[in-house]
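Data first, discussion second: the structure below is written as structure tokens.
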Amino acid sequence: MGQSRSPLGVADLERLAARGWRAPEEEPLGGWLLRAGGGFTGRANTALVAGDPGCPLPEAVEAVAAWYRGRGLPPGAQLPGVQARRADAAFAAAGWGRDEDVLVLTAPLAAGPDGGVPVELADTPDDGWLNTSGYLRRAEPVTARAVLTNAPEVVFASVRADPPPAPPVAVARGVVTGDWLGVTAVTVAEEHRRRGLATAVVAAVTRWGAARGAGWVYLQVTSSNAPARALYRRAGFVEHHRYHYRWAPS
């Protein structure tokens, strides 16, 4: 993967990523996107703040809060890039707390090499995949699958140390949206780390995406995850932008 600059701006890339991680319920607020997915993940349960909400910002903040509270969910907002600074200030003025930065990394897609590690690819995540990813600890399987599989072209990669029913020791999810591949949920069981398994599942997903015509790849990583950031930097990813979440005071 080379160092070419991504052809999409911040708002367009975030909207594309939202199509690859779709909540079961979505509703526009002007240019913003309200998303509800039963509380499973921030991306599926926050307002994507990209564009003009079509009303003054204090009113938009109140509308976001009311929409989520009406669904029994904690009101949250995803604020990407410098374009969201004014909106971020409005949420901050209303007392919404801030999470750490999440880095969005991009690269031109090149099919990853087969490193000799057997990687299974499936259309849906089984309970073992969900358990390794940690999602079974965060949501019911039905809720998690409703979000994870809500895309036309999606794949779930797994590496196993033992045959089923033993759970995988490494997993990743891939989704193709337009000519972009999104790589998410890259997880390796703690006792199997530093063996190249994260590289293996990411390479398998990139081969899958390249076979479906994707020319670019994006992924997200928290700013505090130094090992993952180093892994992706070695793979040729560069920072496109950052976002963070804000949550309404309880």
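The values are calculated or read from the model by the stated rules, or taken from the named source; none is laboratory data. Predicted, not measured: the structure shown is a model, and the values here were computed from it. For neighbour counting, all protein chains shown are included, and Cβ atoms are generated from backbone atoms with ideal geometry for every residue, glycine included. For accessibility, only protein heavy atoms count, side chains too; no ligands or nucleic acids. Shrake-Rupley method; radii C 1.70, N 1.55, O 1.52, S 1.80 Å.
Quick check on region 122-141. Is at least one of its residues farther than 15 Å from R207 by Cα, assigned to a strand (DSSP E or B), in contact (Cβ under 8 Å) with a residue 60 or more places away in the chain and among the hydroxyl-bearing types (S, T, Y)?
There is no residue in region 122-141 that is farther than 15 Å from R207 by Cα, assigned to a strand (DSSP E or B), in contact (Cβ under 8 Å) with a residue 60 or more places away in the chain and among the hydroxyl-bearing types (S, T, Y).
Any residue at all in region 107-117 that's without any contact (Cβ under 8 Å) to a residue 60 or more places away in the chain and farther than 23 Å from L73 by Cβ?
The answer is yes, given that some residue of region 107-117 is without any contact (Cβ under 8 Å) to a residue 60 or more places away in the chain and farther than 23 Å from L73 by Cβ.
Within region 152-168, how many residues turn out to be of a type in the set (A, V, I, L, M) and modelled with pLDDT under 95?
Counting residues in region 152-168 that are of a type in the set (A, V, I, L, M) and modelled with pLDDT under 95 gives 2.
Testing D114 on (1) among the charged types (D, E, K, R); (2) assigned to a loop (DSSP other than H, G, I, E, B); (3) open to solvent by less than 40 Å² (accessible area, probe 1.4 Å), one condition comes back false. Which one is that?
Of the numbered conditions (1) among the charged types (D, E, K, R); (2) assigned to a loop (DSSP other than H, G, I, E, B); (3) open to solvent by less than 40 Å² (accessible area, probe 1.4 Å), the odd one out for D114 is (3).
Could you list, in sequence order, all residues of region 142-186 that are in contact with a Ser or Thr (Cβ under 6 Å, 6 or more places away or on another chain), outside any loop (DSSP other than H, G, I, E, B) and farther than 19 Å from A17 by Cα?
Within region 142-186, V171 is the sole residue that qualifies.
Among the residues of region 38-66, which ones are more than 18 Å from L16 (Cβ to Cβ), within 14 Å of the chain's Cα centre (by Cα) and in contact (Cβ under 8 Å) with a residue 40 or more places away in the chain?
F40
Residues that are crowded, with 23+ Cβ neighbours inside 10 Å, in a strand (DSSP E or B) and modelled with pLDDT of 95 or more: does region 44-64 have at least one?
Yes; the residues of region 44-64 include at least one that is crowded, with 23+ Cβ neighbours inside 10 Å, in a strand (DSSP E or B) and modelled with pLDDT of 95 or more.
Inspect all residues belonging to region 71-87 and state whether any of them is touching a residue at least 60 places away in the same chain (Cβ under 8 Å), open to solvent by less than 10 Å² (accessible area, probe 1.4 Å), part of a helix (DSSP H, G or I) and not acidic (D, E).
yes
Filter region 200-227 down to residues that are more than 21 Å from A111 (Cβ to Cβ) and assigned to a helix (DSSP H, G or I) and give me whichever is most open to solvent (accessible area, probe 1.4 Å).
The extreme case among them is P227.
Suppose we keep only residues that are of a type in the set (D, E, K, R) and free of Cβ contacts under 8 Å to residues at least 24 places away in the same chain within region 194-250. Which one would you say is nearest to L16 (Cα to Cα)?
The residue in question is R233.
Determine whether region 144-166 contains at least one residue that is on the phi > 0 side of the Ramachandran plot, out of contact with any Cys (no Cβ under 8 Å at 6 or more places or on another chain) and open to solvent by 30 Å² or more (accessible area, probe 1.4 Å).
Scanning region 144-166 turns up no residue that is on the phi > 0 side of the Ramachandran plot, out of contact with any Cys (no Cβ under 8 Å at 6 or more places or on another chain) and open to solvent by 30 Å² or more (accessible area, probe 1.4 Å).
Can you pull out every residue in region 126-138 that is open to solvent by less than 40 Å² (accessible area, probe 1.4 Å) and over 16 Å from the mean Cα position of the chain (by Cα)?
G128, W129, T132
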